[in-house]
Amino acid sequence: MMTEVTPFYDKKVQCLACKHSYSTTKIRSRFVKVKAHESDFCPVYESDEFNPLLYNVSVCPQCGFSHTDEFTKYIIPVLKTDLEQKISRHWQPQDYGRERSIEDAIKTYKLAAYCGLIKKEKKITIAGLYLRTAWLYRKINQGDQERRFINLATHEYIESYLNDDFKGTAMSETKLLYLVAELLRRQEKVEEAVKYLSKVIEKQHLSTDTKIVEMAKERWYEMRESFKKQNHLA
């Protein structure tokens, strides 16, 4: 008799901080259907129920340490003490290992960002947590919070670019420059956005991300046209 494959499964995780073993819910990739991506790469899924973004963060029910697969595995002892003082001591044991609502997921991203800052994770990792938090706020139409987290993400992405801390990760320079420009555009910081888009276009011959270069050109053209219109009206 065939057993039915369920969309959700339990993944065993060992806490990087306290070494406690626990299980957390994940979604099988065959159930995840992406319809489209928004201009800041936010995925639009066919089903809100099977949204893997909700399950990206693992939260230790015992000590509260929260992380994603992007985190480095090692925690230096002095930072372990920091995590204990700032997180574990104030942690009320709770279990995020089951099915999550968007509100639950937002809490897990905020926890992971806080843990990542204490653990001194790469800027690119922290930026990704902030951006995903913004996407989730977008889904529940909380524009003020979405803007707040886009702003936080932009700051970390710019720092990552300036300090080269994205090198050796899945994020290419072209994608990073485009993303910074797009997030600035969403905050109506048009001149700064154009500056970053220009960098993508200037370096296009060095890039293999042809699709992103095309997206950058489209955005640049759109922004130039709206800038012309505004000046014409003024």
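Using a cut-off of 16 Å between alpha-carbon atoms, which lysines can reach LYS19, once sequence neighbours fewer than 8 places away in the same chain are excluded?
List returned: LYS11, LYS73, LYS80, LYS119.
What full-extension length gain, to one decimal in nm, is calculated for LYS211 and HIS90 as 0.36 nm per residue of separation minus the Cα-Cα distance?
39.0 nm
Show me, for the range 3-18, the HN-Hα J-couplings you get by feeding each phi into the Karplus relation (A = 6.51, B = -1.76, C = 1.60, θ = phi - 60°), rounded to Hz, glycine and proline as x.
Each residue of the range 3-18 in turn: 8, 6, 7, 8, x, 9, 9, 9, 10, 6, 10, 10, 4, 5, 8, 9 Hz.
Would you work out what percent of the accessible area of the chain, with all protein chains in place, is carbon or sulfur (probe 1.4 Å)?
C and S atoms contribute 50 percent here.
In whole Hz, what ³J(HN,Hα) sequence does the range 157-170 give by Karplus (6.51, -1.76, 1.60; θ = phi - 60°), x for Gly and Pro?
5, 5, 4, 4, 5, 5, 9, 6, 7, 7, 4, x, 10, 6
Run through the range 89-192 and list the trypsin sites (Lys or Arg not before Pro) located in a DSSP loop whose Cβ has at most 16 other Cβ atoms within 10 Å.
Filter output for the range 89-192: ARG98, LYS120, LYS167, LYS189.
Taking loop as defined by DSSP and a crowding limit of 16 other beta carbons within 10 Å, which GluC sites (Glu not before Pro) in the range 1-89 fit?
Here the GluC sites (Glu not before Pro) that fit, given the DSSP loop and packing criteria, are GLU4, GLU38, GLU46, GLU49.
How much length is gained if the chain between SER47 and GLN187 is pulled fully straight, taking 0.36 nm per residue apart and subtracting their Cα-Cα distance, in nm to one decimal?
The span from SER47 to GLN187 would gain 47.6 nm if fully extended.
For the chain, can you list the cysteines whose C-beta has no other cysteine C-beta under 4.7 Å from it?
CYS42, CYS115
Relative contact order of the chain, please, whole-number percent, based on alpha carbon pairs below 8 angstrom and at least 6 residues apart.
Relative contact order for the chain comes out at 12 percent.
I need the fraction of alpha carbon pairs in the chain separated by more than 27 Å, rounded to a whole percent.
42
Name the trypsin sites (Lys or Arg not before Pro) in the range 17-81 that are in a loop by DSSP and that have at most 13 other C-beta atoms within 10 Å, would you?
Counting only loop positions with at most 13 other Cβ atoms within 10 Å, the trypsin sites (Lys or Arg not before Pro) in the range 17-81 are LYS19, ARG28, LYS33, LYS73.
How much area per residue is accessible in the range 5-49 when the probe is 1.4 Å and only protein heavy atoms are counted (Å²)?
59
Please give every one of the lysines within straight-line cross-link reach of LYS229, meaning a C-alpha to C-alpha distance under 25 Å, and leave out same-chain neighbours fewer than 8 residues apart.
Straight-line reach from LYS229, under 25 Å: LYS189, LYS195, LYS199, LYS217.
Averaged per residue, what accessible area in Å² does the range 94-234 show with a 1.4 Å probe, protein chains only?
That works out to 55 Å² for each residue.
Mind pulling the per residue volume of the convex hull built on the Cα atoms of the range 22-143? Å³ is fine.
It comes to 114 Å³ per residue, whole-number rounded.
The values are calculated or read from the model by the stated rules, or taken from the named source; none is laboratory data. Bear in mind the structure is a predicted one, so any value in this text is a computation, not a measurement. With ideal geometry, Cβ positions are generated from the backbone for all residues, glycine too; neighbour counts draw on all protein chains shown. Areas reflect the complete protein model, heavy atoms only, side chains present, ligands, DNA and RNA absent. Shrake-Rupley method; radii C 1.70, N 1.55, O 1.52, S 1.80 Å.
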